[in-house]
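Working notes, structure below.
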């Protein structure tokens, strides 16, 4: 198990390093940092001074390694637009995005696990078709459009929930539903397929022959084994929720990383964008690593392979 963890950790570090390099060079290709600092109407002499001051006149490879060394030492630079330390700015917004991501994941699991189990138990029935229709509807509808429907219904028409902000738990209800419902179909289909396969296994028939109740067979035996692939998908989806919350946070004006990323893109705040991309990619890689370790612990065959 230790050797498996070491190999996965080494691979995770390589992936994080590759993502940081790709993000750095792509952001540099998207625009000139000197122009973003000086403004569109700046003279060439002013741009040259800025490039020399910030080291932008050096080769990109040298700039990348300089940025990487500073980042590893905890120096994330200064925001061009907000005129403050990037690390304090980013980590101040991180809790909002974490709350939204975790609550959206919990909501997705809350509706997908029961639907997936029921669809498998009553396969090819109207219950199965209804669950699949709910899943198709959730994946086909863009989350921003669903978010606008929620705003129209619960904020404008019924006046039950606040439209924007992040002051209370009520502000997270609609963003959680909009983001979580979009990711629930993947869980539901995976659980349904796994449960159908497991329910036809020999040990399930043996458990039923021993006189175990249907509840014990489904929950204790079938769902436990069918849920192993869900662990990996949970990590992937949580990373997706954290990184894909830009639109939802912008719609509901949640003061998190997603909204900060939108502002940084709008104002070409390269240092902030760079750190956000790096942070979210590292979180995504770590979640995938933890999922691999959890799967290896649950299924020893993965460690052997």
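Picking from 132, 161, which residue would you name as being more than 22 Å from the chain's Cα centre (by Cα), in a helix (DSSP H, G or I), surrounded by fewer than 21 Cβ atoms within 10 Å (Cβ to Cβ) and in contact (Cβ under 8 Å) with a residue 12 or more places away in the chain? Break it down into steps so the answer makes sense when it comes.
On the way: 161 fails: in a helix (DSSP H, G or I).
Matching residue, one of 132, 161: 132.
Checking every residue in the range 188-195 against the condition of being modelled with pLDDT under 85 and more than 30 Å from residue 245 (Cα to Cα) gives at least one match. Looking across the range 234-249, the residues that are crowded, with 18+ Cβ neighbours inside 10 Å and either out of contact with any helix residue (DSSP H, G or I) (no Cβ under 6 Å at 6 or more places or on another chain) or in contact (Cβ under 8 Å) with a residue 60 or more places away in the chain (or both) come down to 234, 237, 238, 240, 241, 242, 244, 245, 248, 249. Here residue 186 meets each of (1) touching a residue at least 40 places away in the same chain (Cβ under 8 Å); (2) closer than 25 Å to residue 228 by Cα; (3) surrounded by fewer than 18 Cβ atoms within 10 Å (Cβ to Cβ) with one exception, condition (3).
Kindly evaluate residue 56 against the criterion of being surrounded by 12 or more Cβ atoms within 10 Å (Cβ to Cβ) and at negative phi. Before the answer, list the steps.
Details: surrounded by 12 or more Cβ atoms within 10 Å (Cβ to Cβ): yes; at negative phi: yes.
So residue 56 fits the description; yes.
For the residues 74, 101, the requirement of being at positive phi and either surrounded by fewer than 19 Cβ atoms within 10 Å (Cβ to Cβ) or at pLDDT 85 or above (or both) singles out 74. Among the criteria (1) modelled with pLDDT of 80 or more; (2) on the phi > 0 side of the Ramachandran plot, the one residue 257 does not fulfil is (2).
The values are calculated or read from the model by the stated rules, or taken from the named source; none is laboratory data. These numbers come from a predicted model, not from an experiment. Cβ coordinates were reconstructed from backbone atoms using ideal geometry, including for glycine residues, and neighbour counts include every protein chain displayed.
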